[in-house]
Each structure stands twice: as C-alpha cells, then as structure tokens.
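The values are calculated or read from the model by the stated rules, or taken from the named source; none is laboratory data. Source: prediction; values computed, not measured. Cβ: placed from backbone, ideal geometry, glycine included. Neighbour counts: every protein chain shown. Accessible surface is based on the protein model in full, side chains and every heavy atom, while ligands, DNA and RNA are left aside. Shrake-Rupley method; radii C 1.70, N 1.55, O 1.52, S 1.80 Å.
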Amino acid sequence: RTVFYIASFPTAFFFSAVYTESTFLLFSVATMYHARREQWGLAAVMGLLAAGTRIVGVSLAAVVLLEWLRVHGCTIATCFKASAWRGLWLGLKQDWVAVAFISLIPLGLLSYMLFLQLQFQDPLAFMTVQAAWNRENLGPVTIVSRELGGLLQQDLLAGDIWWHVVLDLSCFALAMVMMVVAWFRLGEHYAILIALGMLIPISSSTQSLSRYLLVLFPVFMVLGWYGRHVLLDRTLMVFFNVLLGIATAIFTNWIFIA
C-alpha cells in the first residue's frame, strides 16, 4: 500500500521528470534500509549520495545516528536513564567505526558545494538562486500565516485562485499530522525526517511543498499502515489518482505545479 500511495500521489509525475525526486527517494530509502539492518557503511554511502542530491539529505545523518543510538539502547524516551548512557558508552567503545561512517554523510552536500564553486564561483548558489523565486527566510509561522491570509482575501468564485498554494498548505498539514503519528508508530527518527523535510523548505516559502512531501516516505508508511482499512484505502487511491491525472495534465501544459 505504501508503494501504491507514493506512485499515485498527485505530484508523482515528478518521478519521471528531470527533477531530483526519484534519485533522492532511492537514496533516502536505501539509507534507512541499510541502517535498520545495522549495515552502517552502506547506510553512510547511501546517505552521502542523498545529501549530494538534495540539501535536506544532510538530515539523514541525524536520522541514521538516532537509529544507531536506538540499536544501542539509547532513545529520546530513555535518554534520562542511566542504563541508556551505559549502553551508549559501550556502543561507542565497540562500534565507534559506525559513528565515523555516519559522520561522513554531510560530505555529500560539501561535494556539491565544491562543484558549485568550481563551476559558478559560488558554493552557496543553491541558496542565492532562491531569490529568483521570491523566497525569504522568514520562518514557518510567518510563511504559513502569509499564505493563509492571501487565500482568505481571494475571491473563491470569480478571482484568480492560486490552487497550488492550497495543495501545498494541505500537504504541509498532512505532513505535520503524519509526523506526530510516525513518532509513535515508527519511531522518533522517522518523525524527525518528516519534520526537517517540511520545516526547512517552508521556512522560506510554501512553493513546491507537494513535491517535497512526495519523497518523505515515512508519511506513506503511516498511510500504508492505516490503509489496511478498505474504505480508507479506496478513498486514498481514488482521490490521489484523480488529482494525479489533473496535475499531470496541468504540468504537461507548462503550468506551474510545484
């Protein structure tokens, strides 16, 4: 069900467009796949590639580290217990190489910054170019308030409605709900991945949030869990596929979606 929900999500057409979504999803899923199997070297390689694909991929370093801590008996819920700290100390003595591997994940972003420096003499070009999209680092609360205020001032019957803003804000709301559920259903590291994947981009704009949600696979894992209820499963599949058809038609006519 998780795979079907991702494949039919309204912006899933980006997987076959020249965007980073398909590559990032591959590397981020592979990172957690190997981390859950305690294959830390492979997890680090996949995480490094993810960080070189998307800026938010750097957050996988924290997510994988939390998985390593969980394996050694130290979680956010148990961090106040002496046994958790003893397990952490023992883990560092016996498995410090794994931590060293995990710490290499941010090198993916640094390698991309080196490429930008060599090609464009600006290692932070991925940030400076955002001005062309009118992005300002104002914080999530200010951005959401601004976009909601703009929607409320529009004429929903006769005005020029920015439907992609409605879609983006809906995706943000879905992600925040799924983040809470994921915390209890999947673990805090999955919830943190969702939070960072949404809060980093929405700090400057709601643009493309529907595309950014597409690669946050823990959201779809949670939906896949609750999709065991037939009514919810059918509702999601119909709703997602109808919107996917509409969004694909709009995108192929050179109209901005995300």
Candidate set: region 1-17, residues that are of a type outside the set (F, W, Y) and outside any helix (DSSP H, G or I); chosen: the one most open to solvent (accessible area, probe 1.4 Å) | R1
Those helices (runs of 4 or more DSSP H) lying entirely in region 52-127 with at least 2 residues without any contact (Cβ under 8 Å) to a residue 60 or more places away in the chain, touching a Cys at 6+ places or on another chain (Cβ under 8 Å) and closer than 23 Å to A191 by Cα = 82-102
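Conditions (1) open to solvent by 70 Å² or more (accessible area, probe 1.4 Å); (2) within 21 Å of the chain's Cα centre (by Cα); (3) modelled with pLDDT under 85, marked per residue:
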| position | (1), (2), (3) |
| --- | --- |
| W68 | no, yes, no |
| G91 | no, no, yes |
| V97 | no, no, no |
| I102 | no, yes, no |
| L114 | yes, no, no |
| Q119 | yes, no, no |
Quick check, is V29 under 30 Å from L169 (Cβ atoms), in a helix (DSSP H, G or I), β-branched (V, I, T) and open to solvent by 50 Å² or more (accessible area, probe 1.4 Å)?
-> yes
Flag if V56 is surrounded by 19 or more Cβ atoms within 10 Å (Cβ to Cβ), among the hydrophobic types (A, V, I, L, M, F, W, C) and at pLDDT 95 or above | no
